[in-house]
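Here is the structure we will look at.
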Amino acid sequence: MAAEQKSAEVTDWAARAGWLVGLALFVALVYWLMREGWKWRGTLQGDLPELPTAPEDAGPARLSMSGRYHGSTTAGQWLDRIVAHGLGTRSLVELTLTDAGLDVVRPGATDFFIPAEALRDALLGKGIAGKVLSEGGLLVVTWAHGDKLIDSGFRSDRAAEHNEWVETLTNMINKTETEGAR
């Protein structure tokens, strides 16, 4: 009978355990450095004012949407993520558009409100803050906060809603600008 093939036995368990411990320490170091970088970015963006909250009586809802919040960036810079005040945290989202503005409710993250007079633009995009989707798969809302323009990216559970949101927001922005010019 032919001799059965057998794998070589591991004879140096200490060396193998040392490599595993070294690898685990390296992964922990990389994770720690990434976390420190995130905190440092938040410190650098500390001049960003507190986020507004929704008024008690915002009026009736013009549109509402459930989906995902993918983050906020400096307007026009889709990789310059804003992490201050929790704006960098991806989360589920419930959006409600009223005449007063856009109410962003995020379970497990900081809610915020974008007043109608702060809205600047709405368009369909394909990426924000490191998240890339198909063309037109992202609702990008540009708004002013303090002296900074911010792009916030949202994706509806029903992507067909995006066009209606862009149209309604654009009309609302144009109406606000027209009334402000008077």
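Is it possible to state the helix-based mean residue ellipticity at 222 nm for the chain, with each DSSP H run of 4+ residues giving -39500 (n - 2.57), the sum divided by total residues, to the nearest 500 deg cm²/dmol? What is it?
About -10000 deg cm²/dmol.
Give the residue from 92, 17, 27 lying farthest towards the positive end of the charge dipole for the chain; charges sit on Cβ (+1 for Lys and Arg, -1 for Asp and Glu) and the dipole is referred to the Cα centre.
17
Anyone know which of 90, 62, 35 comes out most mobile in the 10 Å Cα GNM of the chain?
Among 90, 62, 35, the largest GNM mean-square fluctuation belongs to 35.
Lys pairs in the chain, Cα-Cα under 23 Å, at least 8 apart or on separate chains: how many?
5
Rounded to the nearest 0.05, what FRET efficiency is calculated for residue 66 and residue 21 with R0 set to 41 Å and r the Cβ-Cβ distance?
Given R0 = 41 Å and the Cβ-Cβ separation, E is 0.35.
Treating only the Cβ of Lys, Arg, Asp and Glu as charged (+1, +1, -1, -1), what charge dipole size does the chain show about its Cα centre? Round to the nearest 20 debye.
Rounded to the nearest 20 debye, it is 600 debye.
Please give me, ordered by residue number, the GluC sites (Glu not before Pro) of the range 14-59 that lie in loop per DSSP and have at most 11 other Cβ atoms within 10 Å.
Qualifying residues, ordered by number: 50, 56.
Please give the net charge around residue 132, taking every other residue with its beta carbon less than 13 angstrom from that of residue 132, where Lys and Arg add +1 and Asp and Glu add -1.
+2
Grab the Cα-Cα distance for residue 57 and residue 80, subtract it from 0.36 nm times how many residues apart they are, and report the gain in nm with one decimal.
So the extension gain works out to 4.9 nm.
Can you give the relative contact order of the chain as a percent, counting alpha carbon pairs under 8 Å and 6+ residues apart?
19 percent
How large, in percent, is the carbon and sulfur part of the accessible surface of the chain at a probe radius of 1.4 Å?
The value for the chain is 56 percent carbon and sulfur by accessible area.
What's the local net charge at residue 155, with K and R +1, D and E -1, over the other residues with C-beta under 15 Å away?
0
How much net charge surrounds residue 99 when only other residues with a Cβ under 10 Å from its Cβ are counted (Lys, Arg +1; Asp, Glu -1)?
+2
Give the shape of the range 67-174 as rounded, prolate or oblate, defined through the alpha-carbon gyration tensor: a ≥ b ≥ c are the square roots of its eigenvalues, a/c under 1.5 means rounded, and otherwise the shape is prolate if a/b is larger than b/c and oblate if not.
Since a/c stays below 1.5, the shape of the range 67-174 is classed as rounded.
How far is the Cα center of the range 39-70 from the Cα center of the range 76-113, in Å?
Here the answer is 4 Å between Cα centres.
With springs only between Cα atoms under 10 Å, which of 116, 54, 15 fluctuates most in a Gaussian network model of the chain?
15
The values are calculated or read from the model by the stated rules, or taken from the named source; none is laboratory data. The model shown is predicted, which means the values in this text are computed figures rather than measured ones. Here the Cβ is made from the backbone with ideal geometry for all residues, glycine too, and neighbour counts use every protein chain on show. SASA here: full protein model, heavy atoms, side chains in, ligands and nucleic acids out. Shrake-Rupley method; radii C 1.70, N 1.55, O 1.52, S 1.80 Å.
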